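The values are calculated or read from the model by the stated rules, or taken from the named source; none is laboratory data. Keep in mind that this is a model prediction, so the values were computed, not measured. We place every Cβ from the backbone using ideal geometry, glycine too, and count neighbours over all the protein chains shown. Surface areas here come from the heavy atoms of the whole protein model, side chains and all, with no ligands, DNA or RNA. Shrake-Rupley method; radii C 1.70, N 1.55, O 1.52, S 1.80 Å.
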Amino acid sequence: MERALPKISIVVPSLNQGKFLGETLESLVDQKYPKLQIIIQDAGSIDNSIEVARDFAKRFPGVFHLFVEKDQGQAHGINLGFQKTNGQIMSFLNADDTLFPGCLHSVARELDPDRDRLVVMGRCLFTGEGAPFVGMEHPCEFIDHFHQLAIWRTGINTVPQPSVFWHRTVWVRCGPVDETQRHVLDYDLFCRFSRYYRFHRVNELWSTFRIHSASKTFSRSEQEVLQMSILASRKNWGPWWKPLRWRCYFSLWLHNPLTYERARAHALKAEKAFQERKFAVVFPQTLATFCISPYLGWNRLLAPFVNAHLIPRLQCFLFRRKTMPVRSAGRFVDGWIGPNYEEEYKIPSKATCMVLQLRYARPKMVKMKVIASINGEPCWKKEFHEARIETVSLPVADKRGQTIRLQIVSSSAFVPKHYNNSSDDRVLSLVLEEIAFE
């Protein structure tokens with residue numbers, strides 16, 4: 001027997017977003033969902049938001065309900081809106097976001113207490129302008145309560161707010177929205193949800209998240225939002241005797257990206273002292289790096305030394321060979337290649353040599369050996385000590401018309417995010433600036 005459609009209540013907090021509000025409300029009309037309650041909670045807009053909302057309330061009186069009340073912030077406005085709802089399924093949609101057609105029918109089908117699905121989420125698409133991720137999808141992943149709290153491991157809330165819906169019993173147990181929160185109110189709420197409920201992921205595109213100059217997303221840097229998210233997370237770690245609290249403490253110490261800048265400063269001093277053979281300075285600076293950020297200390301200071309010196313000797317001893325196979329990779333769009341670059345090329349019929357232009361320009365200069373091979377046969381090698389551009393000419397006259405396999409193997413590599421304030425986690429060695437045939 002098919003279930004009767006549950007009533008869905010959605011709160012739309014509104015304040016001076018008249019430019020986008022019409023599109024948001026129209027996306028709710030387009031749902032064609034028969035049991036829908038929309039509470040438009042306006043905080044006293046001075047643009048055309050109230051007129052836009054009033055028009056929808058007039059055209060669809062059984063669906064849209066407009067309330068104009070001064071509030072103490074968005075979180076307070078959302079709570080005021082939810083006090084007026086009576087649907088079994090609840091959510092809130094910001095006045096500049098939208099739902100894709102068919103979203104609410106999917107929600108009604110997927111959210112089912114009998115199947116232990118009391119919180120559901122779909123995928124979400126970034127729209128708008130002025131941000132590099134417009135046109136990309138919002139991360140959409142839920143593992144468990146700990147990983148929801150451990151936002152420092154991903155750097156971003158992986159639960160897309162416009163695509164999240166929950167049963168009223170969840171709100172009764174975990175609500176309301178914390179009115180002291182401004183920028184991470186949804187993350188804080190979902191941390192509380194995750195303590196008792198799993199987020200059931202539906203592989204469908206349910207909503208859009210608009211990025212624009214007036215949005216809250218633009219008013220704070222990523223680091224500031226992450227700092228506020230970590231503070232919100234801490235409130236949900238539990239008392240000191242709970243294992244979860246100590247797990248969160250230890251994980252934050254290991255992986256906190258907000259400490260990378262301080263750790264990098266000590267790592268730089270350790271590297272400089274090592275080059276100048278001031279070993280009395282190397283040890284305390286290395287220790288300081290590991291105390292502040294074990295993750296960065298290992299990846300920037302210890303792992304390169306282990307990979308370059310200890311592992312090759314261990315491999316030689318255990319396996320009686322000079323090198324171990326390394327997973328190969330191609331060339332990135334910005335020209336960078338990893339420690340084991342491999343790609344196929346078709347040799348023109350009149351070519352006599354293949355010319356490569358290599359640039360050695362890593363943040364930390366170390367001695368690096370580079371070997372270039374064609375079809376597994378080494379044909380060029382060089383040892384780099386400092387930043388430079390090297391032009392390499394490889395003979396290919398006997399391979400005209402053939403497809404060859406070019407391989408460039410480097411003895412060391414680095415990860416950019418361990419040296420600068422970026423999220424670039426590629427493993428890089430050299431820049432392959434140009435490839436030509438002569």
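General observations
- The set of residues in segment 156-166 that are open to solvent by 10 Å² or more (accessible area, probe 1.4 Å) and out of contact with any helix residue (DSSP H, G or I) (no Cβ under 6 Å at 6 or more places or on another chain) comprises Ile156, Thr158.
- Residues (under 27 Å from Leu226 (Cβ atoms) and not aromatic (Phe, Trp, Tyr)) located in segment 272-296: Gln285, Thr286, Leu287, Ala288, Thr289, Cys291, Ile292, Ser293, Pro294, Leu296
- For segment 57-93, the set of residues classified as surrounded by fewer than 22 Cβ atoms within 10 Å (Cβ to Cβ), under 19 Å from Gly22 (Cβ atoms) and either touching a Gly at 6+ places or on another chain (Cβ under 6 Å) or touching a residue at least 24 places away in the same chain (Cβ under 8 Å) (or both) consists of Phe60, Val63, His65, Leu66, Phe67, Val68, Leu93, listed by residue number.
- Residues that are modelled with pLDDT under 85, within 30 Å of Phe133 (Cβ to Cβ) and out of contact with any Lys or Arg (no Cβ under 9 Å at 6 or more places or on another chain) do occur in segment 362-379, at least one of them.
- Meets criteria (in contact with a helix residue (DSSP H, G or I) (Cβ under 9 Å, 6 or more places away or on another chain), more than 18 Å from Ala150 (Cα to Cα), modelled with pLDDT under 95 and not in a helix (DSSP H, G or I)) for Ala214: yes
- Check on Ile50, closer than 17 Å to Asp96 by Cα and open to solvent by less than 20 Å² (accessible area, probe 1.4 Å): no
- Selection over segment 338-376 of residues that are farther than 30 Å from Tyr419 by Cβ, part of a strand (DSSP E or B) and touching a Pro at 6+ places or on another chain (Cβ under 9 Å) gives a count of 3.
One line per residue, one yes/no per condition, for (1) within 19 Å of the chain's Cα centre (by Cα); (2) on the phi < 0 side of the Ramachandran plot; (3) without any contact (Cβ under 8 Å) to a residue 40 or more places away in the chain:
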residue: Phe190; (1), (2), (3): yes, yes, no
residue: Arg195; (1), (2), (3): no, yes, no
residue: His200; (1), (2), (3): no, yes, no
residue: Arg220; (1), (2), (3): yes, yes, yes
residue: Asn236; (1), (2), (3): no, yes, no
residue: Trp241; (1), (2), (3): no, yes, yes
residue: Leu244; (1), (2), (3): no, yes, no
residue: Arg247; (1), (2), (3): no, yes, no
residue: Trp253; (1), (2), (3): no, yes, no
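- Filtered by the rule that a residue be touching a residue at least 24 places away in the same chain (Cβ under 8 Å), in contact with a helix residue (DSSP H, G or I) (Cβ under 8 Å, 6 or more places away or on another chain) and open to solvent by 20 Å² or more (accessible area, probe 1.4 Å), segment 141-155 gives Phe142, Asp144, His145, Arg153, Gly155.
- Count - residues of segment 418-438 that are more than 18 Å from Arg331 (Cβ to Cβ) and open to solvent by less than 40 Å² (accessible area, probe 1.4 Å): 2
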